[in-house]
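Have a look at the structure below, then the notes.
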Amino acid sequence: MNPTPVRKAVIPAAGFGTRFLPTAKSIPKEMLPIIDTPTIQHVVEEAVESGITDILMVIGKSKRAIEEHFYPNLDLEAELREKGKTDELEKIQAISKLANIHYIWQQELNGLGDAVSYARNFVGNEPFALLLGDTLLGIPGECKPVTGQLIEIYKQYGQNVVALEPVAEDKVSRYGIAGGNWVSEGSAVLKVDTLIEKPYPNEAPSNLAIASRYIFRPEIFEYLERTPRGKNNEIQLTDAMVAMLEDHSMYGLQLAEKRYDIGNKLDFLKTNIEFALRREDVGPGLREYIKEIASQC
Ligand code: UTP
């Protein structure tokens, strides 16, 4: 099989981020740092390491900081050059060279499905990767990028692919859950035959939750166009995927990587601690501090 290569990615980042107010009122939650790097920079780097060259970010009001972050800042570059801060200079110059990044405004926040539908012209008739701008899968540099893993499966089957995270049985009702059959014994690839949004535990076909990374064939836009408003009066991406599954195949990859959802306060804190403990510059100091405060609180 030799399907059209996946070179485009869409990163929705327009959401209100109500779980992260008041910060998200003026600071995009996708720009929340993991130590010193905005979450969405890690997401873009994952796309680029997976072979993506062109990215469309769906943004909106209060999200301009995202655009600024990926544009060159010549004044800052001159300052760093003058002060001889070469490492910092190289780091910030690299950000604006990562990929061809384009932006579009989601005019009304009508949900994730609506945000994705803004990418129709950008995508054209090609397959594309979809990466949620507020979520990381695995620790960058320590695992193979998940988008790249999904692209490998797409290359094999030429069909839609989703990342699937095993979640605790009592938490299935928080997620879109996929059911199906493994393509072979011991494989981590599922041929998906059912998708259920937020099922009751006794109705869930598995404990495999759709996890913020997808490869779609361009036909997804036809299904999005026909998808009526669903839960929360929003256009739900999962509803369009359910309709698409009637006519097109879908595969799922059971992830070995952990999901870090930065838009959720507790996850944001845990992610920062976990990532920081692995770093040479701040890890040792933080480890000492955690021991100290854990014995006091
Ligand atoms: P979430 O489900 O986390 O929704 O979106 P949200 O509205 O941003 O956050 P809460 O629930 O109010 O706290 C997942 C991703 O989809 C984007 C978000 O920016 C986030 O990166 N999104 C969501 C959009 O781009 N547009 C939307 O209408 C909704």
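Just the residues that are among the small types (Gly, Ala, Ser), outside any loop (DSSP other than H, G, I, E, B) and within 14 Å of the ligand (Cβ to nearest atom), please, taken from region 101-142.
Gly113, Ala115, Ser117
Identify the residue in region 143-152 that is over 17 Å from Ala209 (Cβ atoms) and either away from the ligand (no atom under 16 Å from the Cβ) or modelled with pLDDT under 95 (or both) and, among all such residues, is most open to solvent (accessible area, probe 1.4 Å).
So, considering only residues that are over 17 Å from Ala209 (Cβ atoms) and either away from the ligand (no atom under 16 Å from the Cβ) or modelled with pLDDT under 95 (or both), the one most open to solvent (accessible area, probe 1.4 Å) is Lys144.
Restricting attention to region 63-70, does a residue exist that is open to solvent by 30 Å² or more (accessible area, probe 1.4 Å), in a helix (DSSP H, G or I), more than 16 Å from the ligand (Cβ to nearest atom) and touching a residue at least 12 places away in the same chain (Cβ under 8 Å)?
no
Out of curiosity, is Glu152 touching a residue at least 12 places away in the same chain (Cβ under 8 Å) and farther than 16 Å from Arg259 by Cβ? If you could, list the steps in order and put the result at the bottom.
Numbers: touching a residue at least 12 places away in the same chain (Cβ under 8 Å): no; farther than 16 Å from Arg259 by Cβ: yes.
For Glu152, the condition - touching a residue at least 12 places away in the same chain (Cβ under 8 Å) and farther than 16 Å from Arg259 by Cβ - is not met.
May I ask you to list the residues in region 123-142 that are over 19 Å from Met241 (Cβ atoms) and open to solvent by 10 Å² or more (accessible area, probe 1.4 Å)?
Gly124, Asn125, Asp134, Ile139, Pro140, Gly141, Glu142
Against the condition outside any helix (DSSP H, G or I), away from the ligand (no atom under 16 Å from the Cβ) and modelled with pLDDT of 95 or more, how does Gly84 come out, does it pass?
Spelling it out, Gly84 is indeed outside any helix (DSSP H, G or I), away from the ligand (no atom under 16 Å from the Cβ) and modelled with pLDDT of 95 or more.
Within region 248-273, can you find the residues that are in contact (Cβ under 8 Å) with a residue 24 or more places away in the chain and farther than 21 Å from Thr18 by Cβ? Step through it out loud before you land on a result.
Our first condition is that a residue be in contact (Cβ under 8 Å) with a residue 24 or more places away in the chain; within region 248-273, this holds for 248-265, 268, 271-272.
Matches in region 248-273: His248, Ser249, Met250, Tyr251, Gly252, Leu253, Gln254, Leu255, Ala256, Glu257, Lys258.
Only one of these conditions is not met by Asn100: (1) within 22 Å of Pro28 (Cβ to Cβ); (2) surrounded by 19 or more Cβ atoms within 10 Å (Cβ to Cβ). Which number is it?
(2)
Quick one: in region 10-48, which of the residues that are open to solvent by 30 Å² or more (accessible area, probe 1.4 Å) and among the charged types (D, E, K, R) is nearest to the ligand (Cβ to nearest atom)?
If we take residues in region 10-48 being open to solvent by 30 Å² or more (accessible area, probe 1.4 Å) and among the charged types (D, E, K, R), then Arg19 is nearest to the ligand (Cβ to nearest atom).
Give the residues of region 153-170 that are assigned to a strand (DSSP E or B), surrounded by 16 or more Cβ atoms within 10 Å (Cβ to Cβ) and not aliphatic (A, V, I, L, M), sorted by residue number.
Step one: of region 153-170, the residues assigned to a strand (DSSP E or B) are 160-166.
Among the residues that remain, those that are also surrounded by 16 or more Cβ atoms within 10 Å (Cβ to Cβ) are: 160-165.
The answer is Asn160, Glu165.
The values are calculated or read from the model by the stated rules, or taken from the named source; none is laboratory data. Since the model is a prediction, treat every value here as computed from it, not as a measurement. No Cβ is skipped: glycine too gets one built from the backbone with ideal geometry, and neighbour counts run over all protein chains shown. Heavy atoms of the whole protein, side chains included, go into the accessibility calculation; ligands, DNA and RNA do not. Shrake-Rupley method; radii C 1.70, N 1.55, O 1.52, S 1.80 Å.
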